[in-house]
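Some notes on the structure that comes next.
The values are calculated or read from the model by the stated rules, or taken from the named source; none is laboratory data. Remember, it's a predicted structure, so these values are computed and weren't measured experimentally. Neighbour counts run over all protein chains shown; Cβ positions are idealised from the backbone, glycine included.
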Amino acid sequence: MYNRLVTYQNHRIILSHERTKAATMDIYPSQHLLTFIREGVLKVTQGGTVMQFTPGEFVLFRKFTPATITKTGQGNDTRFSSIVFSFHEDLVNESLQQLKIHPPTESKAPLRQVFGIASTPILDQFIQSLHLFFEQGVAMDDQLAKLKTMEALIGLIKADRQLAYQLQHFSGRSKADLFAYMNVHYLENRKLATFARGSGRSLTVFKKDFKVLYGTTPAKWLKQKRLDHAYQLLTTTPRKASEIYLECGFEDLAHFSKSFKKQFNINPSRVTPF
């Protein structure tokens, strides 16, 4: 896999190339995502609906939208390539202000959580402008990254003015479904405050909601889930503890091994696949 990442504040622009068999994953983004398909096919399953997107198309994912995505190549080519932008609703509002657009408060068009947008000459030129940074290695600072994300949003609005209404109301609920959010993100090595913020909650509210939902503390639940995942990997694959502890959300091998032995009464190095 090849990835190039540009960040500014909590926003990200990612160019990714993957040469692999079909990769399927569940997502539950804590920020809005805009994906441009460069190569391959992106299949999105959301709410019982299956959508397929091909090169040249943009896909918008509303934050806190549970979906399953599958990335594949086309024909004999196994390569999937995309550019992904993540952004907050404040950037949407700033883009609308730049265009002096005031979307109607109501529309006959239903609000959607995932939808695709065909490219236009303006959007094509915008994507071409990113080659300088992603393929020639020119540095992109925070301000330029922000401007490029705004440029993408403005290009989309110019392509379809109805998107202004969709984007204006894209924020949706301010808090994530905690069950769905944690089941997607629990392996990520984050501080509790980061989990809380990503779910749209203060740390205090996060801990309170977590206790109501799971009957335990976030720290205990996370440790148990990560150890269970590690056990599943060690008993179903030939991978070793040294190869999985980071993936399972642990910072160092010694801490992982100690926690694993305490939980399962066996050293992870002695576990073999069934």
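So the values come out like this:
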item	result
Check on F206, out of contact with any Asp or Glu (no Cβ under 9 Å at 6 or more places or on another chain), aromatic (F, W, Y), under 22 Å from S81 (Cα atoms) and part of a helix (DSSP H, G or I)	no
All positions within segment 92-112 that are under 24 Å from I27 (Cα atoms) and either in contact with a helix residue (DSSP H, G or I) (Cβ under 7 Å, 6 or more places away or on another chain) or modelled with pLDDT of 85 or more (or both)	V92, L111, R112
Scope segment 158-179; condition out of contact with any Gly (no Cβ under 9 Å at 6 or more places or on another chain) and not in a helix (DSSP H, G or I); matching residues	D160, R161, H169, F170, S171, G172, D177
Criterion: farther than 26 Å from N93 by Cα, touching a residue at least 12 places away in the same chain (Cβ under 8 Å), of a type in the set (K, R) and not assigned by TED's automatic domain parsing to the domain that holds M150 - qualifying residue of K211, K191, K220, K225	K225
Which numbered condition H185 fails, given (1) at pLDDT 80 or above; (2) outside the structural domain of L246 (by TED's automatic domain parsing)	(2)
Members of segment 56-91 that are surrounded by fewer than 20 Cβ atoms within 10 Å (Cβ to Cβ), over 10 Å from I37 (Cα atoms), in contact with a Lys or Arg (Cβ under 6 Å, 6 or more places away or on another chain) and not charged (D, E, K, R)	T70, G73, T78
Those residues of segment 22-39 which are assigned to a strand (DSSP E or B), among the polar types (S, T, N, Q) and buried (at least 16 other Cβ atoms within 10 Å of the Cβ), in sequence order	T35
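Conditions tested, residue by residue: (1) small (G, A, S); (2) in contact with a Cys (Cβ under 9 Å, 6 or more places away or on another chain); (3) assigned to a loop (DSSP other than H, G, I, E, B).
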residue	(1), (2), (3)
F133	no, no, no
A139	yes, no, yes
K146	no, no, no
L153	no, no, no
L156	no, no, no
Y181	no, no, no
V184	no, no, no
E188	no, no, yes
R201	no, no, yes
